[in-house]
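Visitor: Pasting a structure here, questions to come.
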Amino acid sequence: MKKIPLSAWCIALLGLVALPGALAAEGPKARIFAKYDTNKNGVIDGDEIAAVRQAFAAEPKGEFAGYDKNADGKLDDAEIAAIKPPGAKKDGEKKGGAKKKADGETTQKK
């Protein structure tokens, strides 16, 4: 029987560990986000919110059914804000950890 080097086993193991993350990035949540974030700014906003609400109203048991957390038959702003691909930044957080304040200033994350 042929021996497989330890390095080959390590590489194979790393591939298996990374696989779930790679699949999650292309999961249903990521596809929904990509479909409705038409301006590709990383946020469902403006006309995109209206499109999400219209799609949910047309098919309440469709792709957005799981986002209506309070089961009121509508998607409120918080429920729409929860539609983010896995690994997305928190609301208002920019690259490098800077967080946007309500008045438009940014602060560095500590």
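Visitor: Taking the stretch 32-80 only, how many residues are outside any loop (DSSP other than H, G, I, E, B) and either touching a residue at least 60 places away in the same chain (Cβ under 8 Å) or not aliphatic (A, V, I, L, M) (or both)?
Guide: Start the filter on the stretch 32-80 by keeping residues that are outside any loop (DSSP other than H, G, I, E, B), which leaves 32-36, 47-58, 65-67, 77-80.
Filter once more, keeping what is either touching a residue at least 60 places away in the same chain (Cβ under 8 Å) or not aliphatic (A, V, I, L, M) (or both): 33, 35-36, 47-48, 53-54, 56, 66-67, 77, 79.
So the count comes out to 12.
Visitor: Still on this structure: Whether any residue in the stretch 22-43 is modelled with pLDDT of 90 or more, on the phi > 0 side of the Ramachandran plot and of a type in the set (K, R) is what I want to check.
Guide: The answer is yes; a qualifying residue exists.
The values are calculated or read from the model by the stated rules, or taken from the named source; none is laboratory data. What you see is a predicted model; the values in this text were computed from it and never measured. All Cβ positions, even for glycine, are placed from backbone atoms using ideal geometry, and neighbour counts span all protein chains on display.
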